1. Answer yes if at least one residue in the stretch 39-62 is of a type in the set (Phe, Trp, Tyr), in contact (Cβ under 8 Å) with a residue 24 or more places away in the chain and over 30 Å from Phe107 (Cα atoms), and no otherwise.
2. Any residue at all in the stretch 45-58 that is surrounded by 11 or more Cβ atoms within 10 Å (Cβ to Cβ), in contact with a helix residue (DSSP H, G or I) (Cβ under 7 Å, 6 or more places away or on another chain), over 30 Å from Ser253 (Cβ atoms) and modelled with pLDDT of 95 or more?
3. Can you tell which of Asn266, Asn287, Asn297 is within 18 Å of Lys241 (Cα to Cα), of a type outside the set (Lys, Arg) and either in the same structural domain as Lys241 (by TED's automatic domain parsing) or without any contact (Cβ under 8 Å) to a residue 60 or more places away in the chain (or both)?
4. Restricting to the stretch 77-88, name every residue that is crowded, with 19+ Cβ neighbours inside 10 Å and outside any loop (DSSP other than H, G, I, E, B).
5. Tally time: how many residues in the stretch 89-133 are crowded, with 17+ Cβ neighbours inside 10 Å, out of contact with any Leu (no Cβ under 9 Å at 6 or more places or on another chain) and hydroxyl-bearing (Ser, Thr, Tyr)?
6. For the stretch 162-205, what are the residues that are of a type in the set (D, E, K, R) and surrounded by 11 or more Cβ atoms within 10 Å (Cβ to Cβ)?
7. Can you tell me how many residues within the stretch 247-266 are part of a helix (DSSP H, G or I) and surrounded by fewer than 13 Cβ atoms within 10 Å (Cβ to Cβ)?
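The values are calculated or read from the model by the stated rules, or taken from the named source; none is laboratory data. Since we're looking at a predicted model, the values are computed, not measured. Backbone-built Cβ (ideal geometry, glycine too); neighbour counts: all protein chains shown.
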Amino acid sequence: MCKDYYNTYFHPNIGYMAVVGDITKDEAEELVTKYFSDWEGKDVPTFTYKKVKKPLVRKVAMVDRDNSVQSTISITYPIDLKVFTEEAIKARVMNYLLGGGASGELFQVLREEKGYTYGAYSSTNADRIIGNFTASCDARNEVTDSAVAAFIDVMTKFRNEKVSEKKLQAAKNYLTGSFSRSLESPQTVASFALNIARYNLPNDYYKTYLQKLNAVTVDDVQKLAKKYVKPDKAYVLVVGKASEVAGGLKRFSTSGKVDYYDKYGNKYDPTMSKIPAGVTAETVLNNYIEAIGGRQNVEKIKDKVSVIKGSVQGMEIKITISQKAPNKLLFWMPEQCSRRLYLTGQKAFKLQWEKKYR
């Protein structure tokens, strides 16, 4: 399957190559020709995707992990933010102020002020097809609902109130420094070249990047916050111990209910999985015995043989399990050059190897 995937999608006619280092263009072309000239092009399948629907109201989704002592919280939804646009640059500044690091509003409130988590962050991701906004943290079970409430409060306040000029300048200073430091890496320079080619960007896109970054204003930040920070039209996803946290989450759902999903994203009704009153391991076994013919018929069986066949890493395996009343069991694997014989009784237990492993 991996080989088929590679042969289907990995071809030079849709590829890009960037070479950065102490090398001339002629030297690079010679090496590329030498090592890649035999790589043949081929038509590659393309796909269209359904447009992801944005939530019209706030919904709460629960993934139950019964052994969890803390919850993973994500407040998320799709956004129509395209990559490498001026708006994407402004959105990066906006997101840094909201939850891009330890100085962000989310971190300062949920960790420093409330003590609900070790860290609360957000991301505003641009994409060619559909982007997304996500605010997230891990919080103890007993403060899960309080953490969600804090997220919503901070996001609402961030939409409605302008940030200070001082905070904005600090954010731009940090992002400017990060950009400048990234240029020390050849990989970063290569990625810039690839982005210009792949997304048909102006050749001076990165040369003018810092100018665009430093031109972002307080009004720009609030405009982008109102456009992309939407705590009332979001999916509140919580993965944790439902029996301790789900009840407190209902108030955040516009419908007043919590939707349950399994770990594969399949929706289900948790009330259908509850064990009815009076059901025990003994009653389950008794019902099973009755379903297969009753205890009297089962007790008539004196011998039982089960044969299990399979393949592991190209090696065929056959296991034979023989049971004989009242208390004997044989576990036999001849293909693995071994035979294990277990005889159990009141006073006997024997393990015998017929042949040694190679």
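1. First, pick out the residues of the stretch 39-62 that are of a type in the set (Phe, Trp, Tyr): 39, 47, 49.
Adding the requirement that they be in contact (Cβ under 8 Å) with a residue 24 or more places away in the chain leaves 39, 49.
Add one more test, that the residue is over 30 Å from Phe107 (Cα atoms), and what stays is 39, 49.
Scanning the stretch 39-62 turns up at least one residue that is of a type in the set (Phe, Trp, Tyr), in contact (Cβ under 8 Å) with a residue 24 or more places away in the chain and over 30 Å from Phe107 (Cα atoms).
2. no
3. Asn266
4. Once the filter is applied, which keeps residues that are crowded, with 19+ Cβ neighbours inside 10 Å and outside any loop (DSSP other than H, G, I, E, B), the stretch 77-88 yields Tyr77, Ile79.
5. The qualifying residues number 0.
6. Answer for the stretch 162-205, where residues must be of a type in the set (D, E, K, R) and surrounded by 11 or more Cβ atoms within 10 Å (Cβ to Cβ): Lys162, Lys167, Lys172, Arg198.
7. Here is the first cut: in the stretch 247-266, the residues part of a helix (DSSP H, G or I) are 247-252.
This time we only want the ones that are surrounded by fewer than 13 Cβ atoms within 10 Å (Cβ to Cβ), so: 247, 251.
Number satisfying all stated conditions: 2.
Residues checked against (1) modelled with pLDDT of 95 or more; (2) part of a helix (DSSP H, G or I); (3) under 24 Å from Asn173 (Cβ atoms):
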position	(1), (2), (3)
Tyr206	yes, no, yes
Leu210	yes, yes, yes
Val216	yes, no, yes
Asp219	yes, yes, yes
Ala225	yes, yes, yes
Lys230	yes, no, no
Val239	yes, no, no
Glu244	yes, yes, no
